[in-house]
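The values are calculated or read from the model by the stated rules, or taken from the named source; none is laboratory data. Please read all numbers here as calculations on a predicted model, not as lab measurements. Here the Cβ is made from the backbone with ideal geometry for all residues, glycine too, and neighbour counts use every protein chain on show. With ligands, DNA and RNA removed, areas are computed over all heavy atoms of the protein, side chains included. Shrake-Rupley method; radii C 1.70, N 1.55, O 1.52, S 1.80 Å.
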Amino acid sequence: MESRENFPLQPPGKQLQEGTCLYKARIPVYLLIFLILWRLNQSGGNPLLSRLLVSPFSGALYLKAGVLICWWVYLAGVFFRFLGTAYIGRQKIWSVKIRKENTQTTGPFRYLRHPVYAGSLLIIFSLAPLCSPQGALFLLSTAGLFTYYLARQEETILDDHQKGGKQGSSQGSSINRFWPKKGFFTFLRNEGMREIGKKKKEIFFSEFYNIAFGAGFFVFGISLSVRAFWYAFLGSLALMSTVLLYFRIYSPPIP
């Protein structure tokens with residue numbers, strides 16, 4: 001149970017709203033979406049990218065380039081999630097509660113309201129071209145819209161608990177949801193990258209599965225082999241899980 005000190009803007013005597021049942025069940029919902037996506041891709045034929053980029057003249061060269069471009073978009077999404085984790089901690093995933101003190105006044109939240117969800121959307125967009133046509137449509141219309149719903153739900157939770165109620169809405173409305181406003185890159189250079197470096201252990205704990213998937217994604221882009229992807233992904237996941245377990249046993253807990 002988290003202490004009240006973690007929520008300095010919380011009005012006395014009130015509990016922080018936890019959101020709708022769908023919001024609280026967001027991790028199982030994402031898992032269900034990707035399980036259905038897996039089945040759609042199994043039965044849906046060739047991925048969109050291969051239908052567009054493979055030709056008798058270029059062979060697989062353009063396809064590899066396209067996959068690697070998708071990988072860079074994926075990396076951009078993971079980076080935004082890194083940035084959000086560096087400021088709000090692991091509670092963004094493993095708890096339905098939110099660290100309110102960081103919502104609109106510190107770090108990246110001065111430039112975009114949802115760095116973590118912006119990263120999730122970039123990851124979704126990077127995967128869509130690698131799916132079958134049916135899978136890509138399903139992914140964008142379910143995971144994409146669900147991520148947007150989560151961002152709006154989180155805004156409701158936070159705005160309802162700002163002092164006076166209306167204050168949070170007026171502050172949040174001046175900040176873009178998913179696209180950083182002017183000054184963001186200056187912030188990254190002066191503060192953001194340094195904060196990511198300081199919180200690298202907490203970021204690793206929170207994002208190890210995305211890092212492992214990125215390793216498999218890169219190997220797939222080089223080899224275009226689904227088997228190579230699974231070897232790289234599962235091998236990275238096993239290695240990182242071992243490192244995580246080591247830190248859990250032999251390191252003090254992350255504050």
For this session: For a quick protection proxy, order the peptides 197-203, 208-214 by their average other-Cβ count within 10 Å, most packed first.
Result: 208-214, 197-203
For this session: Mind ranking Thr156, Thr85 by accessible surface for me, highest first, 1.4 Å probe?
Result: Thr156, Thr85
For this session: Using label points projected 7 Å from each Cα along Cα→Cβ, tell me how many nm separate Thr20 and Glu202, to one decimal.
Result: 3.0 nm
Exercise. Hey, with R₀ at 45 Å, roughly what FRET efficiency would Ile27 and Leu52 work out to, going by the Cβ-Cβ distance, to 0.05?
Worked result: 0.85
